[in-house]
Amino acid sequence: MSDAAGRLRIAVSQARAPSSDYDLNPDTVLPEGRSLRPAGVLVPVLTQGETSRLYLTKRSSALKHHPGQIAFPGGKQDESDADITAAALREAHEEIGLAPENVEVLGLMPAHETVTGFWVTPVIALVREPFTPVPELGEVEEVFDVPLEHVLTPANFTVQSRRWRGSRRHYYTVPFGPYYIWGATARILRSMADALESR
């Protein structure tokens with residue numbers, strides 16, 4: 001088992017609590033009985049030699065939810081999906097051309113609630129063999145990769161804020177080069193980083 005696989009398994013086993021886009025905004029009052037739509041995202045890591053890299057997408061600016069943002073491949077669970085893992089694998093195949101048989105699922109992180117009403121389960125996985133990403137036309141503007149170590153190091157995260165729906169919302173960021181990774185994607189990565197730190 002590669003060092004990356006071992007660290008990812010530890011993150012899965014150590015993570016305990018669900019996360020939320022509201023974690024850094026404790027004054028937010030969420031309505032009781034709110035309905036959240038289940039979704040799955042794949043956290044796909046390719047290890048080659050001593051290097052492990054995480055694949056991410058830049059979403060199309062034409063999308064209704066999170067246009068232009070950096071995201072994991074994934075999406076809402078359909079009725080045809082056997083479970084949330086199947087949803088994440090299907091969406092990753094559609095969005096970036098990653099075949100399910102080229103993926104080894106290591107486990108699931110606790111779910112994350114988004115401000116757009118999704119209950120997102122991160123599916124942590126290794127990519128077995130290198131592949132050529134194919135962005136889904138109309139959904140994905142770009143597929144890129146970042147060093148896994150960069151996004152699993154708490155010191156690389158900052159907390160920033162902006163006005164949103166009349167109030168100031170705080171959120172995590174973990175930028176890399178030209179890519180501004182923030183919001184739910186950064187929060188999930190921060191959960192992984194914190195789980196490793198807590199050992």
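The values are calculated or read from the model by the stated rules, or taken from the named source; none is laboratory data. Small disclaimer: the values here were computed from a predicted structure and weren't measured. Glycine gets a Cβ as well: all are built from the backbone with ideal geometry, and neighbour counts include every protein chain shown. Note: areas computed on protein heavy atoms with side chains; ligands, DNA, RNA excluded. Shrake-Rupley method; radii C 1.70, N 1.55, O 1.52, S 1.80 Å.
If only one of ALA5, ALA11 is more than 15 Å from ILE181 (Cβ to Cβ) and in contact with a Gly (Cβ under 9 Å, 6 or more places away or on another chain), which one is it?
Exactly one residue qualifies, and that residue is ALA11.
Which ones in segment 113-162 are of a type in the set (Val, Ile, Thr), closer than 20 Å to ASN102 by Cα and over 17 Å from the mean Cα position of the chain (by Cα)?
THR132, VAL134
For VAL103, which of the numbered conditions (1) open to solvent by 50 Å² or more (accessible area, probe 1.4 Å); (2) more than 17 Å from VAL151 (Cβ to Cβ); (3) touching a residue at least 24 places away in the same chain (Cβ under 8 Å) fails to hold?
(1)
Please work out which one of (1) in contact (Cβ under 8 Å) with a residue 12 or more places away in the chain; (2) open to solvent by 20 Å² or more (accessible area, probe 1.4 Å); (3) more than 19 Å from VAL127 (Cβ to Cβ) is the condition ASP21 fails and give its number.
All conditions are met except number (2).
Determine, yes or no, whether GLU113 is farther than 16 Å from SER19 by Cβ, surrounded by 13 or more Cβ atoms within 10 Å (Cβ to Cβ) and either in contact (Cβ under 8 Å) with a residue 40 or more places away in the chain or in contact with a helix residue (DSSP H, G or I) (Cβ under 7 Å, 6 or more places away or on another chain) (or both).
No, not satisfied.
Within segment 35-79, can you find the residues that are of a type in the set (S, T, N, Q) and exposed (fewer than 15 other Cβ atoms within 10 Å of the Cβ)?
SER35, GLN48, THR51, SER61
Could you tell me whether segment 90-98 includes any residue that is free of Cβ contacts under 8 Å to residues at least 24 places away in the same chain, farther than 21 Å from THR47 by Cα and of a type in the set (Asp, Glu)?
No: zero hits.
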